[in-house]
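The values are calculated or read from the model by the stated rules, or taken from the named source; none is laboratory data. Just so it is clear, the structure is predicted and the values come from calculations on it, not from any experiment. Virtual Cβ from ideal backbone geometry, glycine too; neighbours counted across all protein chains shown. The protein model used for the area step is the full one, side chains on, heavy atoms only, and it has no ligands, DNA or RNA in it. Shrake-Rupley method; radii C 1.70, N 1.55, O 1.52, S 1.80 Å.
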Amino acid sequence: ILRNAKMYTEAVQLYSDALEQLPDNIDLLSARGLTAEKLDNVRQTILDLTRIVEVDPYNIQALNALGYTLIDQTERIQEGFDYIRKAYERNPNDAAIIDSMGWAHYRLGNHQEALKYLREAFNKLNDAEIAAHLGEVLWVTGDQDAAQKIWKDALRQTPEHKTLLDVVDQLCSGAR
């Protein structure tokens, strides 16, 4: 209820209180970590996701979320890539994990590999976040027309998507 009401600070505190009684509860760790992310508390997000992976090394969602957070929010890109690769090895058909693989390759400077994964993810799931990632890689590799088309289509479907808006504004405020 607190998360839905965007009372993130209060939600994190409630999860923390519950975790005092159940310190390795994966659901509580996941909820606190993802809610802490809403508060830009990347440190707490990483700590909670890392603990989930310690408790359950085969937790695909935690592996992917931890890897993505590391590659997107820190300079620990290779470490993040390693977590994402483990998730991908266990579930190579999940669009979110494929997107993370593409984004990891992009952050590592492997633009052609990034495009391969991001196109695959986008074909599986027409999602604003994936569109933002694919568009950014297309843009930096010189295909601005394709990037703008993907962004425009995605903005028609989800005009308020923060990540998408941020990428478009950052790279070309005239693309909208």
**Flag if Tyr68 is more than 12 Å from the chain's Cα centre (by Cα) and part of a helix (DSSP H, G or I)** = no
| Before we move on, is Asn25 under 26 Å from Glu113 (Cβ atoms), of a type in the set (S, T, N, Q), modelled with pLDDT of 95 or more and in contact with a helix residue (DSSP H, G or I) (Cβ under 7 Å, 6 or more places away or on another chain)? | no
Those helices (runs of 4 or more DSSP H) completely within segment 121-176 that have 3 or more residues that are surrounded by fewer than 14 Cβ atoms within 10 Å (Cβ to Cβ) are 144-157, 162-171
Condition set touching a residue at least 12 places away in the same chain (Cβ under 8 Å) and among the charged types (D, E, K, R), scope segment 21-55, selection least open to solvent (accessible area, probe 1.4 Å): answer is Asp48
Taking the conditions exactly as written (surrounded by 15 or more Cβ atoms within 10 Å (Cβ to Cβ), assigned to a loop (DSSP other than H, G, I, E, B) and basic (Lys, Arg)), does Arg3 satisfy them or not? yes
If we ask which residues in segment 39-65 are part of a loop (DSSP other than H, G, I, E, B) and under 16 Å from Val12 (Cβ atoms), their number turns out to be 3
For this session: Output yes when any residue across segment 56-76 is among the hydrophobic types (A, V, I, L, M, F, W, C), open to solvent by 50 Å² or more (accessible area, probe 1.4 Å) and in contact (Cβ under 8 Å) with a residue 24 or more places away in the chain, and no when none is.
Result: no
Of those in segment 88-107 that are in a helix (DSSP H, G or I) and of a type in the set (D, E, K, R), the residue least open to solvent (accessible area, probe 1.4 Å) is Asp99
